[in-house]
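**Student:** I'd like to ask you about the structure that follows.
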Amino acid sequence: MRQFYRLLISHFKEIIREPAVIFWGIVFPILMAGGLGLAFNKKPVVSRNIVLIASSSSNEALPSFLTTKLSLKKIEPLKGNVHFQYSYSNKSMGQLTLNFYPANWSQANEMLKKGIASVVIESKNGVPDYHFDPMNPEALLLHLQLTGLLEKGPAFFEENTQHAKALTLPGTRYIDFLVPGLIGMGIMMACMWGISYSVIEKRSKKLLRRMVATPMKKPFFLGSLFVARITMNFIEGFLLFLFAYLFFGTAVQGSGWALFILFVAGNIAFSGLAVLISSRTANPEVGTGLINAFVTPMMVLSGVFFSYHSFPDWIITIIRTLPLTMLIDSFRAVFNEGAGIMDVALSSLILLIEGTVFFIAGLKLYKWY
């Protein structure tokens, strides 16, 4: 086993001697989790901007349907546009602030394109006309709020929040959704690039040919590469979870053993796929294209950052069969739903079988030089 040990140490040294690997594998996921966790964390004040198409050259005249229902505060910042503000506060639902910006259509279009505002109100004979993208959930919700507010005034919010109770459950925050996705994506990226590209690069530089000429046992090379990669993946995933636990209170609701089994199964699945992809390619540019051809669709479709349930039903059926989707869904079941070993047994078995089949196929096609 001394040969296996020396190969393993050499793979570890290749990883830790490359600063970019440490940054992209450990630091970047933590920065991403921190940034997105703060951005989507519950805020005490929700602020929304609305554009008012001005009815006079002063750009500050307010339509009557707005002034008769609401008590607005005029805001005159040192920098920026003069606007009018309405705020509503509720103990259980927080505070909502609406900012109304008088503007012309050219300014309104600019604010919409920059994402500053999502709804435009135009006065037509004293009646508000709403302009917004119906496919934008934020704009749709804001339209419903504005419609009720301009019809009933502040009483609209009081009626609708009277029986509304804030629901806060463990695992329902965005950061709880995000961390399992980042861990799953990290496994995929580390295996696909750490194994596939590493092997392709060695083959292009004739290093594999030299190694085969030595008494090295071929299974030891791939085995040591897999052990080194899964060890680094464990360290990266643990540090990401530790960060989320310390800063956001993210916790594992389910079985730790189920999480461990999933982790191993996911590494085997993507390691096997990595071996298959790198089995014959000797050109790094071709290898990069092949890796991206597998990685990019799964990273976009498998719900790493946002739920894939917004896709049409027929696409969701296909998405659920992707290895990364099965891994992330199972991770989230353990993290947030309290799943145990039996709950993730089927997905773990499928990932193990896929990894084994990919690995065997890769060995059959493998080209050492």
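**Student:** Regarding Ala244, is this residue surrounded by fewer than 22 Cβ atoms within 10 Å (Cβ to Cβ) and touching an Asp or Glu at 6+ places or on another chain (Cβ under 9 Å)? Please lay out each step first, then the result.
**Tutor:** On the way: surrounded by fewer than 22 Cβ atoms within 10 Å (Cβ to Cβ): no; touching an Asp or Glu at 6+ places or on another chain (Cβ under 9 Å): yes.
Here the answer is no, as Ala244 does not meet what is asked.
**Student:** OK, next. Which condition number in (1) in contact with a Gly (Cβ under 8 Å, 6 or more places away or on another chain); (2) surrounded by fewer than 22 Cβ atoms within 10 Å (Cβ to Cβ); (3) not aromatic (Phe, Trp, Tyr) is the one that Val275 fails?
**Tutor:** (2)
For every residue, the table says whether it meets (1) assigned to a helix (DSSP H, G or I); (2) touching an Asp or Glu at 6+ places or on another chain (Cβ under 6 Å); (3) surrounded by fewer than 17 Cβ atoms within 10 Å (Cβ to Cβ); (4) among the small types (Gly, Ala, Ser).
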| position | (1), (2), (3), (4) |
| --- | --- |
| Gly266 | yes, no, no, yes |
| Ala282 | no, no, no, yes |
| Thr296 | yes, no, yes, no |
| Val304 | no, no, no, no |
| His309 | yes, no, yes, no |
| Leu324 | yes, no, no, no |
| Ser348 | yes, no, no, yes |
| Ala361 | yes, no, yes, yes |
| Trp368 | no, no, yes, no |
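**Student:** Checking the structure you have, find out if any residue of the stretch 67-74 is among the small types (Gly, Ala, Ser), on the phi < 0 side of the Ramachandran plot, at pLDDT 75 or above and assigned to a loop (DSSP other than H, G, I, E, B).
**Tutor:** The first filter runs over the stretch 67-74 and keeps only residues among the small types (Gly, Ala, Ser), leaving 71.
From what is left, the residues that are on the phi < 0 side of the Ramachandran plot are 71.
Next, only the ones that are at pLDDT 75 or above stay: 71.
Filter again for assigned to a loop (DSSP other than H, G, I, E, B), leaving 71.
Scanning the stretch 67-74, I find at least one residue that is among the small types (Gly, Ala, Ser), on the phi < 0 side of the Ramachandran plot, at pLDDT 75 or above and assigned to a loop (DSSP other than H, G, I, E, B), so the answer is yes.
**Student:** Can I ask one more? All but one of (1) closer than 21 Å to Trp193 by Cβ; (2) free of Cβ contacts under 8 Å to residues at least 60 places away in the same chain; (3) within 22 Å of the chain's Cα centre (by Cα) hold for Leu327; state the number of the condition that does not hold.
**Tutor:** (2)
**Student:** If Met232 satisfies all but one of (1) of a type in the set (A, V, I, L, M); (2) surrounded by 20 or more Cβ atoms within 10 Å (Cβ to Cβ); (3) not in a helix (DSSP H, G or I), what's the number of the condition it fails?
**Tutor:** Among (1) of a type in the set (A, V, I, L, M); (2) surrounded by 20 or more Cβ atoms within 10 Å (Cβ to Cβ); (3) not in a helix (DSSP H, G or I), Met232 violates only (3).
**Student:** So, one more: If I ask for residues that are surrounded by 13 or more Cβ atoms within 10 Å (Cβ to Cβ) and at pLDDT below 80, which ones from the stretch 47-60 would you list? Lay out the reasoning, then the answer.
**Tutor:** Start the filter on the stretch 47-60 by keeping residues that are surrounded by 13 or more Cβ atoms within 10 Å (Cβ to Cβ), which leaves 48-55, 59-60.
Listed by number, the residues that qualify are Ala54, Ser55, Asn59, Glu60.
The values are calculated or read from the model by the stated rules, or taken from the named source; none is laboratory data. Quick caveat: nothing in here was measured; it's all calculated off a predicted structure. With ideal geometry, Cβ positions are generated from the backbone for all residues, glycine too; neighbour counts draw on all protein chains shown.
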